[in-house]
Amino acid sequence: PAPGGHPLSDLFPWVLERLDQPLTVEDLARRARMSSRHLTRHFKHLTGTTPLQWLHAQRIRHAQELLETTDAGVDTVAAAAGMGTATTLRRHFQRSVGVPPDTYRRTFRP
């Protein structure tokens, strides 16, 4: 949503700037100044998914962007995308994208 156009419109950019940090639904709710349950209802209505599923998808997208545009190692990409370790990134990336991060990089890196 456009900034100011929805109670959560300011939340999305805030989260995207902090993908490398541990974030919980409670953190997002506090930032949006609403309860976790209220946030989840608004989030589901607006995005069609839960806050944690959306956050996970954004972290995977960020990892994809880093794999495509940088030479950073998988450990560095994992940390920058908020996945913690290369092992965690590999597991979630494989499950979400269908290929390991190294294969993705070789395929989509110019």
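The values are calculated or read from the model by the stated rules, or taken from the named source; none is laboratory data. Everything numeric here is computed off the predicted structure, so don't read it as measured data. Here the Cβ positions follow ideal geometry from the backbone for every residue, glycine too, while neighbour counts run over all protein chains shown.
Every condition in (1) touching a residue at least 60 places away in the same chain (Cβ under 8 Å); (2) exposed (fewer than 14 other Cβ atoms within 10 Å of the Cβ) holds for residue 82 except the one numbered (2).
For residue 28, the stated conditions hold: it is assigned to a helix (DSSP H, G or I) and either closer than 20 Å to residue 95 by Cα or aliphatic (A, V, I, L, M) (or both). Of all the listed residues (109, 91, 95), the sole one being out of contact with any strand residue (DSSP E or B) (no Cβ under 9 Å at 6 or more places or on another chain), more than 19 Å from residue 21 (Cβ to Cβ), modelled with pLDDT under 95 and of a type outside the set (A, V, I, L, M, F, W, C) is 109.
Restricting attention to the stretch 21-65, and to residues there that are charged (D, E, K, R) and in contact (Cβ under 8 Å) with a residue 12 or more places away in the chain, which single residue is surrounded by the most Cβ atoms within 10 Å (Cβ to Cβ)? For the stretch 21-65, the residue satisfying everything is 59.
In contact with a Pro (Cβ under 8 Å, 6 or more places away or on another chain) and either part of a helix (DSSP H, G or I) or surrounded by 14 or more Cβ atoms within 10 Å (Cβ to Cβ) (or both): is that true of residue 94 in this structure? Taking the combined requirement at face value, the residue satisfies it.
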